[in-house]
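Following: one structure in structure tokens, then a few remarks.
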Amino acid sequence: MSSRNLNSRHQKPLDNLGLLIRESLLSRTAFHRPVPGVRRRLLLRAAEQQRRRQWLRHWLMALLAAPPSEFRVDDWQQTVWSRLAYFELQRNLIFAGVLPYKLY
Amino acid sequence: MSEDAHLIQRLQAGDLEALGTLYDRYRLTIYRTALAITRDTDAAEDILQEAFLRLHAYVDRVDTSLPLAPWLYRITVNLSYTWVTRRNRWRASLEDFIDQLIGPVKYHPEPIVERNEELRVVQKAIDALAFSQRVVIVLYYLNDLSLQEIADILGCPVGTVKSRLHYGRENLRRLLSESAPGSEVQYEFT
């Protein structure tokens, strides 16, 4: 796939219907732009996402580093997380790419 | 190495400024694509933000040897699809009712208003297309992508894109003809 400028337009030779479609789509969108707050919210959420991923990664690494005999799922579930939170954590680990899906 | 690839590598290393730079570079394209598909500014802003959050979440899987734009387009189309299908479950009837209440004036002598009305009719016809056809129409005419590029983004054969474009145009012709029976505006397309 080419990596040409996404904003390059009007390069295709268009028929009347094509020109009308393009003008209609441009008239709908050309004068709209996202509010500046979107960028700020994005970076805040990304920072939170990054903190969460780092915490999950560290937690998982510590968990995997522990010998199997020291890791008792039942105790851990009862003392730290509810069963629901445990599965939610698994899901998040997979979603965040920290934990490969094939492990489960 | 392209500038995008460099920014992706910085983002992979945890530099959120790189995400901001990528956002600044692609925000209008992504936002307007989402807006053209959903025709909802709030939805377009949500999709824009979510697309870049996903870029951040999955940045380790992004192949820096490939251009980033198709990846962003694919996410945008998928998020738009989710939004449109969820909205359509409950909103269609309400929307029709509102259209009846605040519909446009049927006739106005000023040419600019007539032109706006013509474009509005086309927009409405595009909105009436099936999602798969609407997406191809938007990517082809608004984003000026080639059939091959669209096929790569949607993950389907070029023949499928051609077919969707063809039937999308045919449906638009039909919808536009139906919308202007006996009016002065005649849609004769080549």
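Restricting segment B:58-80 to residues that are outside any helix (DSSP H, G or I) and not small (Gly, Ala, Ser), the residue that is nearest to the other protein chains (Cβ to nearest Cβ) is B:PRO67. Considering the conditions (1) modelled with pLDDT of 90 or more; (2) in a loop (DSSP other than H, G, I, E, B), B:LEU165 is excluded by exactly one of them, (2). Scanning segment B:3-19 for residues that are at pLDDT below 95 and within 7 Å of chain A (Cβ to nearest Cβ) turns up B:GLY14, B:LEU16.
The values are calculated or read from the model by the stated rules, or taken from the named source; none is laboratory data. The structure displayed is predicted, hence computed values, not measured ones. Note: ideal-geometry Cβ built from the backbone for every residue, glycine included; neighbour counts use all protein chains shown.
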